[in-house]
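Read-outs throughout are calculated quantities, based only on the coordinates presented, and are distinct from any laboratory measurement. The shown structure was predicted, so the numbers you read here are calculated from the model rather than taken from an experiment. Cβ atoms come from the backbone with ideal geometry, glycine included; neighbour counts cover every protein chain shown.
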Amino acid sequence: MNSLQSIRSPLVHRWAWFLACATFPLIWWGGLVTTTGAGMAFRDWLTSDGYFMPFYPWLSSTGDKFIEHGHRLLGMTVGLLAIGLVAITWKKEPRHWVRMFSLAILVGVILQGALGGMRVVFDERTLALVHGCTGPLFFAMCAAMVVFTSRWWQDSQPPAGVASNPQSAKFFRLAVLTTILAFLQLVAGAVVRHSPHLVGKSAAAIFQAAVYFHVLLALAIVVHGVLLVWQANRCGLPSGRCWLLASLIGFQIALGGSTWIVKYGLPRWASRIFGELTFANTADNAYQAVIVTSHVAVGSLILVTSLAIALRAARQLRIGIPKTIGSASSRLGVAL
């Protein structure tokens, strides 16, 4: 164990976990805000109906105001945890780049909160769409911080032959591509959710294009999930997380089909066989909200899981870390 590892505190890693675990409900609660149309429950921001946000009588509120203010309170909680992460990281963490990354996380949550606020101030649906796309990016940053501060990242050694195996580099590239596809899928999903509310003659065309793109990306992600499991076994890499990702993808496909049914009904060819499912296709009911919001939440889990796989593969391949020890650049590599 090198000197840097010996003075690292597990507190940073635990706090990063707290932040990531708080961010996940913030993501799906934000999805609930969109699903229920509660985004404009309040016409003010930094206050809620004139109340300083922590003092708004949230538990006595109902409907859209309960949902929207709950999202605001979760956002405040995540912001405070991000401030705490910066303080603890700069006190306990010897790696300069990790300290800077904690600052990037703080900047990210501030920008995300500002986006949400501007969406209310200007009552702008496009800002809501952007806000829905950048939220999972912030969640991914939090997940990356968990990986970077883990004991595994500090102490890991590549399995025998992995670093020199060209198949391992293919696995890494496949994991990176899967992560990119997962984010693009979230963007396409956000466009599908928000485009029906956009004003203009092109809204219907945007919706149709986004749906086709969303389906094509789903098929690509399914293929990549299978390939990741196969490639991990082929390279001798641990495949547990790849199996987790594949399971999430399968669950997400089921949720995606259910989301379409409860929001838009069965396709024409299926309705001829089964008839219209009018009991499910009822706007704004609780069943629909649970299905649609779960679809949003699992999509974010797919993103952070594929990112964690890519980061761990990069670490095992020692990407960016010098092979020789002794020079100043090599000491920097050890500090990674």
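Here are the numbers for the structure shown:
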{"quantity": "Cα-based radius of gyration of segment 1-155 once divided by 2.2 N^0.38 Å, which approximates compact folds", "calculated": "1.15"}
{"quantity": "Neighbour-count ranking [beta-carbon atoms within 10 angstrom, fewest first] of 146, 211", "calculated": "211, 146"}
{"quantity": "Spin-label model distance (nm) - residue 51 vs residue 205, 7 Å beyond Cα toward Cβ", "calculated": "4.6 nm"}
{"quantity": "Sequence of 21, 133 once ranked by neighbouring C-beta atoms within 10 Å, starting from the fewest", "calculated": "21, 133"}
{"quantity": "Residue 219 versus residue 247: modelled label distance in nm, points set 7 Å from Cα along the beta carbon direction", "calculated": "2.8 nm"}
{"quantity": "Potential lengthening between residue 121 and residue 169 on full extension [0.36 nm per residue; Cα-Cα distance subtracted]", "calculated": "12.6 nm"}
{"quantity": "Directionally averaged shadow of segment 192-265, computed from the convex hull of its alpha-carbon atoms, nm²", "calculated": "5.6 nm²"}
{"quantity": "Whole-number D in µm²/s for segment 60-146 (Stokes-Einstein; Kirkwood sum over Cα pairs; 10 °C, 1.306 mPa s)", "calculated": "113 µm²/s"}
{"quantity": "Cα gyration tensor, segment 7-52 - rounded (a/c under 1.5), prolate or oblate", "calculated": "oblate"}
